[in-house]
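Shown next, in structure tokens, is the structure this report addresses.
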Amino acid sequence: MGKKKNIIISALLLLALLAVIMILEQRLPATHIALTVLKKGCIYSLVAVSMNLLNGFTGLFSLGQAGFMLIGAYAYAVLTIPVDARASVYQYFHGGVIQFSVPVFAGLLASGILAAAFAWLIGLPVLRLKSDYLAIATLGFAEIIRAFFQWDVLGPITNGSNMLRKYPSFTSVTFPFLVCGVCIAVMVLVIHSSYGRAFKAIRDDEIAAEAMGINLAKHKRMAFCISSFFAGVGGGLLAMYQSSIQSQTFKSAMTYEILLIVVIGGLGSVTGSCIASFLFIACSEWWLRFLDVETKIGDFKVPFLRAGFRKVVFSVIIMAIVLFARKGIMGSREFSVDGICKFFKKRFGRKKEVKL
Amino acid sequence: MKKMVALAVCAAMCFAGTMSVSAAETVKIGVFEPASGDNGAGGKQETLGIQYANSVAPTVEIGGTEYNVELVVVDNESSAEKAPTAASQLVSEGVSVVLGTYGSGAAIAAAPTFEQAGVPAIGVTCTNPQVTEGNDHYFRICFLDPFQGTVLANFAADNFEAKKAYVLTKLGDDYSAGLGFYFSEAFQGLGGEVIQDTFPEGNADFTSYITTAINEGADVIFAPTSTEAAQLIIDTAASQGAEMPLLAGDTWDSNVILSAAEGKNIQVYVTTFYQEGGNEEFDSGIKEWINADSTNLANNGGNDTVAAVTAMGYDAYFTALEALKNAGSTDPAAVTEALPSTTCTGVTGAIAFDDVNGDAIRDTAYVKVANTETAQWDFVAEQGVN
Amino acid sequence: MDFISKNLPYLLAGISVGGQYALIAIGYTMVYGILRLINFAHGDIFTVAALVLVYSSTIMPLYLSIPLTLVATVVLGLVVERVAYKPLRNAPRMSVMISAIGVSYLLQNLALYITGGLAQTYPAIPIISNTIKIGPATTKIVTVVTPVLTIVLVFALMQLINHTKIGMAMRSVANDFETSRLMGIKVDNIISMTFVIGSFLAAVGSLLYFTNYASVVPTSGAMPGLKAFVAAVFGGIGSIPGAVIGAFIIGICENIIKGLGWTTFSDAFTFALLIVILIVKPTGLFGEKATDKV
């Protein structure tokens, strides 16, 4: 199949997906768990892809994602809380110092820009470090950012360690899907541009890339800022999804979760990250919940089932994937019609041989 | 092949997850409580009260039909992040009313989900004002932090002639920050001086905090925290030789605190909703029920001391039943309608809702002190705001 | 005198915490020195050690349960190495680190399941749990025991590394994997040995730490673990005396900061210190050879 045809088919598939979601939304009650999982899943896809851009495509092992999401979430919430609700939200800080609010999209844009700006600043010293040192330094920065946002002195802006709420949020699933879809599309475009090729060159061999005339510092910083921009937007969307936020949510555990999603999906695969996000969220928050409930089949009490078992099973599955399916669901391939055809052809072909 | 197996497993899980047992004549009550995380211990005790109440009254008559009450328990992991999914899990299960939660943070985070779904929720011991504020679907049966903070400030000023209070709260915990704020406000209003300090999540070393309190010459330490931190604070205060009394809110009314304080030279005062011995029948009934099952005993912290939150859970369940009866239907909307006018006489006192935010009308709190020899609570006073 | 009496408790707490961080930090620094792996699960092994003692002390006397805890922790360390790290020996470093994060996630969830999410009270160990008065300050005996025990253990470890055959093998493996193998050193066994030592010290550290702060939750080990890692980097990763000195500095600074009333930043400070040292002197205080960190 030609390249053009491929793009058309992919676009059609995406449209079909959107249609399915819209139909689902019509058919299911608004607070059905499936819709909640879809919302959270698509926000996590965005964040996972942004992390993949850094870890999978540029080879920069960063663990600062939660920190940038925190900045995004706060930027969105602080800027969009309606003026008349501020007195009750900032109840310990006399209504806060910011006495205006901006529309939703401006808020989301601001969350991305602010996160990217922070990334630029942090990147100045940190991007000189390599592999695990970069990881631990970015992890450290995320913790420092969290401490600042909890600081009482900044309370009139950030509300200290207290919750921010009453800002506009979404109820439909279509909204986060569209926003995340556009953001991911932009990232895909970046990956396929000459910058993207430079990123991959840096990942594969820094010295060779430099020898080819790629400005390492510039490209690394760029990847870091782009990734943080979208992590920030993801943070803003997460704030909308949760309808109240608090810096406590954005702990290093959150970064680890996203990293595991990226690994499960396959480092260097955008579609892999998306698929893994939905699977991860659905398993951890929905499908495996039955493991938490003590169940009796007839008189037989199923052993082990009690609160917390879900998480044990879940982490065992993750460990199994990390150890035995090291490339994740997609490896570094992308989901495409072509790929599926090949996959089935291969399988079909093999079966034929067996029959013969 | 591996992938196919994985797919099959996923599909099976999908199926199992969506499968729900439906039986005729059942009304579902959601129990939205933490079973893990910071508030796990308290959440479990509260759930025990609800489960005990369910064992006492497993059926309810709604609109002339006898219904079995089924409890649907989900764990909100004490986290504002996990709360929305846990809440929508309950909504998806089709519950008529939700009870919970212990810890205000998760309640505030889940409130919009319940509101959107039109399912009423009865807060059991979430004391932060923001839980019910501006939300028609969140009610609660406990007193609020402004009240509790004032009670404690009065108590500190009256009983210990305290001039200086050291207030230690947890960063990022709405309950802790809120109660600390209201206490400080009231205490300063009484002419006292307040030194504020916060500790981050996961902090285990309270030596420096206690040392600061001693160095500053504080007359009382006020530490509205979760029981996890409380254990450490009590332990450190005792080993640092802090002689001033420790004050705390309703969360500290737990046998975890009693066992931490046992045999130590320390004074611990708490305000709470219920005093053991307030209702003999309830006390003996629940003790027997707890002792009969090893899981329940473990969830209650290893002994049968009745925590106030357990009594509150018990009352919340009966309030929900009353509301269902008044509504005459299992439809969440009807229950929401019926709740504001519902009243119930529980073991912790009469329960009625005000018409501003649907908060309980309560004007007294019990003050108790931990007896470090018997590991029991001793009743000190019934305190109101004056 | 007044100044001392007011500030001695902070200093004592700092030294005690520092000693406990040091015992954990050695595990990090040794594993990193040999495998170039940040063993994220190390902090959780520390938690598990505490839980083993909590549960074993309910069914047996302490003089049995303490050795059992030490043995069980060492076995756990070995199992983790064999199952989660050994199969990935030739994989990129990132995969191993992700595997470590996975193990940490698993251990935490397992601890959550077993404890049912409730904080477990650590048993009081006789003698070291008692309180004593040092000048104007009151504290637990463990506060004083910790630094002494830490120094004794580190001294013993240094003897092992510098003056025994296995120590020599360890240094050699840390220097060059391939050549060591050529020289007939069983590299896998040496790696296992470092995990044994690391886990053993973590178990001792957990005994001391939780005697001081007697409540165990599944995430108890996460923060001490991260801070111990920072201590290891601060002191120069791979250097044992460096890790110990780094740990003491971090423990003391942290408590001074809390004493100054900057409690919000007590954790952040540790990370700020890490970033500064990485940028200014990436080899740490005592790290000598220039590696490929920058």
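FYI, it's all coordinate maths here, none of it is from the lab. The structure displayed is predicted, hence computed values, not measured ones. We place every Cβ from the backbone using ideal geometry, glycine too, and count neighbours over all the protein chains shown.
Between the alpha-carbon centres of the stretch B:297-320 and the stretch A:103-170 there is a gap of 41 Å. By the gyration tensor of its Cα atoms, with a ≥ b ≥ c the square roots of the eigenvalues, what is the shape of the protein assembly as shown: rounded for a/c under 1.5, prolate for a/b over b/c, or oblate? Oblate, because a/c is 1.5 or more while a/b does not exceed b/c. Spin-label pair C:Leu68-C:Thr179: with each label point 7 Å from Cα along the Cα-Cβ axis, the two points sit 4.7 nm from one another.
Between the Cα long axis of helix B:145-160 and the first principal axis of chain B there is an angle of about 30°, rounded to the nearest 10.
Only DSSP H runs of four or more residues enter the estimate; each adds -39500 (n - 2.57), and after division by the residues of chain C the mean residue ellipticity at 222 nm equals -24500 deg cm²/dmol.
Overall, the anisotropy analysis places the stretch A:117-199 in the oblate class: the square-rooted eigenvalues a ≥ b ≥ c of its C-alpha gyration tensor yield a/c not less than 1.5, with a/b not exceeding b/c. Computed over the stretch C:7-280, relative contact order equals 40 percent, with contacts defined as Cα pairs under 8 Å that lie 6+ residues apart. For C:Leu37, the residues 5 or more places off, or on other chains, whose built amide H falls under 5 Å of its own are C:Tyr32.
This ranking places A:Met51, A:Met254, C:Met97 by how few other beta-carbon atoms lie within 10 Å of each, fewest first, which gives A:Met254, C:Met97, A:Met51.
Between rounded, prolate and oblate, where does the stretch A:1-160 land on the alpha carbon gyration tensor, with a ≥ b ≥ c its root eigenvalues, rounded for a/c under 1.5, else prolate if a/b exceeds b/c? Since a/c reaches 1.5 but b/c is at least a/b, the shape of the stretch A:1-160 is classed as oblate. Over 29 Å apart: what share of the alpha carbon pairs of the stretch C:7-280 falls there, rounded to a whole percent? Beyond 29 Å sits 31 percent of the P(r) for the stretch C:7-280. So if we plug the beta-carbon distance of A:Lys327 and C:Ile114 into 1/(1 + (r/R0)^6) with R0 = 51 Å, what FRET efficiency do we get, rounded to 0.05? Rounded to the nearest 0.05, the efficiency is 0.95. Computed over the Cα atoms of the stretch B:186-257, pair by distinct pair, the Kirkwood hydrodynamic radius stands at 12.9 angstrom. Spatially, the stretch A:238-300 and the stretch C:36-88 are offset by 28 Å when compared through their Cα centroids. When the scattering of chain B is computed by the Debye formula from its Cα atoms alone, each counted once and equally, what is log10 I(q)/I(0) at q = 0.12 Å⁻¹? Listed by q, the Debye log ratios stand at -0.88. The distance separating the Cα centre of the stretch B:91-133 from that of the stretch B:364-386 comes to 29 Å. Per-residue 3J(HN,Hα) values for the stretch B:38-52, derived from phi via the Karplus relation 6.51 cos²θ - 1.76 cosθ + 1.60 with θ = phi - 60°, read 4, 9, x, 4, x, x, 5, 5, 5, 4, 4, x, 5, 5, 5 Hz in sequence order (x marks Gly and Pro). Amide H contacts under 5 Å for B:Val268: B:Leu246, B:Ala370, restricted to partners 5 or more places along the chain or on a different chain, H placed in the peptide plane at 1.01 Å from N. The C-alpha atoms of chain B define a longest principal axis, and helix B:227-239 lies at about 20 degrees to it. Taken one residue at a time, the phi angles of the stretch A:274-282 give Karplus couplings (6.51, -1.76, 1.60, θ = phi - 60°) of 5, 4, 4, 4, 5, 4, 4, 5, 5 Hz. Gly and Pro are set to x. Converting phi to 3J(HN,Hα) with the Karplus coefficients 6.51, -1.76 and 1.60 and the offset θ = phi - 60°, the stretch C:136-151 yields x, 9, 10, 7, 7, 4, 4, 4, 7, 5, 3, x, 5, 4, 4, 5 Hz in sequence order, with x at every glycine or proline. Taking amide H as placed 1.01 Å from N in the peptide plane, B:Val380 has its amide H under 5 Å from the amide H of B:Val367, B:Lys368, B:Val369, each at least 5 places away in sequence or on another chain.
Each peptide among C:136-145, B:305-314, B:126-135 gets the average number of other Cβ atoms lying within 10 Å of its residues, and from highest to lowest they stand as B:305-314, B:126-135, C:136-145. Pairing the Cα long axis of helix C:93-115 with the longest principal axis of chain C, what angle in degrees results, from 0 to 90 and rounded to the nearest 10? Roughly 40 degrees, rounded to the nearest 10. Taking the number of Cβ atoms within 10 Å of each Cβ as an exposure proxy, the fewest-first ranking of A:Arg333, A:Arg165 is A:Arg333, A:Arg165. At full extension, B:Thr343 and B:Thr26 could sit 111.8 nm farther apart than now, given 0.36 nm per residue minus the alpha carbon distance.
Among A:Phe68, B:Phe181, C:Phe271, the ranking by other beta carbons within 10 Å of each residue's beta carbon, starting with the fewest, stands as B:Phe181, C:Phe271, A:Phe68.
Helical runs assigned H by DSSP (4 residues or longer) give chain B a calculated mean residue ellipticity at 222 nm of -13500 deg cm²/dmol, each run adding -39500 (n - 2.57) before division by the residue total.
Any idea what diffusion coefficient the stretch C:170-294 gets from Stokes-Einstein, in µm²/s, Kirkwood Rh on alpha carbon pairs, 4 °C, 1.567 mPa s? Taking Rh from Cα pairs, D becomes 79 µm²/s. Among B:Pro112, B:Pro332, B:Pro120, the largest mean-square fluctuation in a Gaussian network model of chain B, built with springs joining Cα atoms closer than 10 Å, belongs to B:Pro112.
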